[in-house]
Amino acid sequence: MTTPHGKIRLTMAQAVVRFLVQQRTSRDGREQPMFGGVFGIFGHGNVAGIGQALHEERETLPYYLARNEQAMVHIAAAYAKMHNRLRTLACTTSIGPGATNMVTGAAAATVNRVPVLLLPGDIFSGRRPAPVLQQLESSQSQDVSVNDCFKPVSRYWDRINRPEQVITALPEAMRVLTSPAETGAVTLALPQDVQAEAHDYPMALFEPRVWTVPRARADIGLLLEAARRIRDSKRPFIIAGGGVIYSDATDALRQLADATGIPVGETQAGKGALPEPHPLAVGGVGATGTQAANLLARDADLVIVVGSRLSDFTTASKTAFQREDVRFIAINVAELDAFKQGALPLVSDARAALGELLPLVAGYHVGVEYTETIAKLQAAWQTEVQRVCGQQSAIDQSAIRNPQSALAQSQVIGMLQETLGPTDVIVCAAGSLPGDLHKLWRARDPKGYHMEYGYSCMGYEIAGGLGVKMAAPERNVYVLVGDGSYLMMAQEIVTAVQEHIKITIVLFDNHGFSSIGGLSESVGSGGFGTRYRYRNKETGELDGEVLAVDFAANAASLGARTFRAATLEALRDALADAKNEPRPSVIVVPVDREARVGGYDSWWDVPVAEVSSTREVKAARERWEVARRKERDFL
Ligand SMILES: Cc1ncc(C[n+]2csc(CCOP(=O)(O)OP(=O)(O)O)c2C)c(N)n1
Ligand SMILES: [Mg+2]
């Protein structure tokens, strides 16, 4: 209904939905709609308000039904990451448990700096029927609901207590979602009574609006100083983070590396920033890094960090850089990151800064000796990758109950590397796979390695695979998931079936937590509580028979095509069949939990008990005390 003076009478929920349809982003002259659709699970708190509005707009804003609210936030985050943060999805939930199920997803998105718009339903603003079903009560305030849990995990949070508040809240939400420095989860808590309430909204709110994603530029004085430091350096080293990929700076990075001969190590989010093969690509750096990258980092006199948060995995808990006089330059859109480790801060878009540095370092090239060192380390590492991927597990097949569990995980990774195409995408998040992949995988495309390792959230994998495939339907998407992660969140297979989203899930079955099991052993606790085994009725310990979970039967029951691949040949065949299969596929691969890929000149700080009666823990504590002496303060 149109009213005079350019107003239109709508419910608050209708206003929100109509606004979302009109939002677009633009960067480098390319424009796209910000929202590719809305995921939701209806209940009281969104079925009548937002649900009615989405039903009305279903032609312009597609609605997708998910199985779990946490998963739908992961889907949105993966979609946004695949779109280099220029597009995302919105998520709507009921009040109470539907809403709080999204908290973990919100944290994952915010930690990873990826935009997602969350629209949890909220309790009545008018309060008369309170406490409503699923309402949290407080004896101190009536201005509290479970949605307050989203505050620390959101980059913008608002509760819409009057319909006209969205007139200012929605543009703020967009500002934060499209800000390269601020982006993350944005939460607009929508009380269910207000959703259904009408207001005369200004028509201007529903005009098409383009949000230009800026390329911020560094201070010129600091840029000149950075160039001077690069020219003065003898053993410079670049760390490429996710920011390189988000800002579409991969060509600029390659140009700078080619011109100067500076080697490039990659974080988990940055893997693929300098696609392989390249003579200066030395692979993952840090706790799960390659030997080549870690030795170069250890001896570097200047570390140029591009678009990285410098998490403990990247810095090997501040032990990665051992030269006394090592210094840092950090290029980052976020001040928070640019100032880390006492770096010379270039608060800038990655592509802009790399492009501006290039002419300023013209004529500079690292010395011949350093170039030779890089080449030697790279060649040695490639030999090591071949060795590890060809190495069979030590399990004597005749001696074990389940002769199928004899493949080493690294062999499976090697087979996937051989089989997958250069633009195919692998999706992963938690367990032992991220570390193994960071070391062994050669990313041939900047969008080919999709790792959620900011939050390393078990359960992200399959949901993330959906988001990736929705964002890039032309690519083959392979989800690599451990049995533990699968059991935590496999239900979105149903959503993939429903929406005809073709993904291939490779499930690594090692009867529990190989990663945390190994960690537990390294801190002296023997893998306690990390195996999927029956409780032994006599001893009370979890060391009975292996729990035989039939993952293929489970996946088949959800509608997937399933394969069991106990050998490399069977895996090769299954991958070929899965490729031609229109349905989502699940390939179950039994792997040896104990056949782990070791560490390479690196460390991760996990403090060990100072008091213990066991020899193993005491020894682990001693090792830890020695190792942490290498931790440094960079001020
Ligand atoms: C939601 C969540 N809970 C707990 C953890 C801690 N954690 C990290 S890896 C892991 C085990 C993963 O098991 P699985 O998926 O089977 O992979 P594997 O370690 O066997 O390779 C656990 C419990 C986590 N990362 N995320
Ligand atoms: Mg496992």
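The values are calculated or read from the model by the stated rules, or taken from the named source; none is laboratory data. Just so it is clear, the model here is predicted, and its values are computed rather than measured. Cβ sites come from the backbone with ideal geometry, for glycine too, and all protein chains shown count toward neighbours. Surface areas here come from the heavy atoms of the whole protein model, side chains and all, with no ligands, DNA or RNA. Shrake-Rupley method; radii C 1.70, N 1.55, O 1.52, S 1.80 Å.
Compute the separation of the alpha-carbon centres of segment 116-187 and segment 1-78 and state it in Å as a whole number.
About 16 Å separates the Cα centre of segment 116-187 from the one of segment 1-78.
Which entries of Lys340/Lys439; Lys376/Lys618; Lys376/Lys439 show an alpha-carbon separation above 29 angstrom in the structure shown?
Lys376/Lys618
Just to be sure I understand the model, the point goes 7 Å from the Cα along the line to the Cβ. What's the resulting Ala130 to Thr212 distance in nm?
Reported label-point gap for Ala130 and Thr212 is 4.5 nm.
For Arg9 and Glu369, calculate 0.36 nm times their separation in residues minus their Cα-Cα distance, and state this gained length in nm to one decimal.
122.4 nm
Over the alpha-carbon set of the chain, work out the extent along each principal axis and list the three values in angstrom, largest first.
Reported extents, whole Å, longest axis first: 76, 71, 55.
Among Ser138, Ser520, what's the order by accessible area (1.4 angstrom probe), most exposed first?
Result, largest first: Ser138, Ser520.
Within segment 73-149, which trypsin sites (Lys or Arg not before Pro) sit in a loop by DSSP and count at most 15 neighbouring Cβ atoms inside 10 Å?
Qualifying residues, ordered by number: Arg127.
Roughly how many Å² of Arg596 are accessible to a 1.4 Å probe, to the nearest 10?
Around 90 Å² of this residue is reachable by solvent.
I'd like the accessible area for Glu356: 1.4 Å probe, protein heavy atoms, all chains in place, Å² to the nearest 10.
Counting only protein heavy atoms, Glu356 exposes about 50 Å² to solvent.
Over segment 226-266, with every protein chain in place, what whole percent of the accessible area is carbon and sulfur at 1.4 Å, could you tell me?
Looking at segment 226-266 in its full context, I get 39 percent from C and S.
Starting at the first residue of segment 176-192, write each ³J(HN,Hα) from the Karplus equation 6.51 cos²θ - 1.76 cosθ + 1.60 with θ = phi - 60°, in whole Hz, x for Gly and Pro.
For segment 176-192, the Karplus-derived couplings read 6, 4, 9, 7, x, 7, 9, 5, x, 6, 10, 10, 10, 7, 10, x, 5 Hz, x marking Gly and Pro.
Within the accessible area of segment 48-109, what % is carbon and sulfur when the probe is 1.4 Å and the other protein chains stay in place?
46
Write down the accessible area per residue of the chain in Å², having rolled a 1.4 Å probe over the full set of protein chains.
41
Taking a point 7 angstrom from the Cα of Ser612 along the C-beta vector, which residues in segment 522-564 have backbone N less than 13 Å away?
Inside the label zone: 522-528.
Check which residues have an amide H placed less than 5 Å from Glu266's amide H, if you skip close sequence neighbours.
So Glu266 has HN proximity to Ala240, Gly283, Gly284, Val285.
Counting only residues 5 or more places away or on other chains, whose amide H sits under 5 Å from the amide H of Glu276 once H atoms are built in the peptide plane?
Placed amide hydrogens put Ala443, Arg444, Asp445 under 5 Å from Glu276.
So, R0 is 22 Å and r is the distance between the beta-carbons of Glu324 and Glu622; what FRET efficiency does that work out to, to 0.05?
0.25
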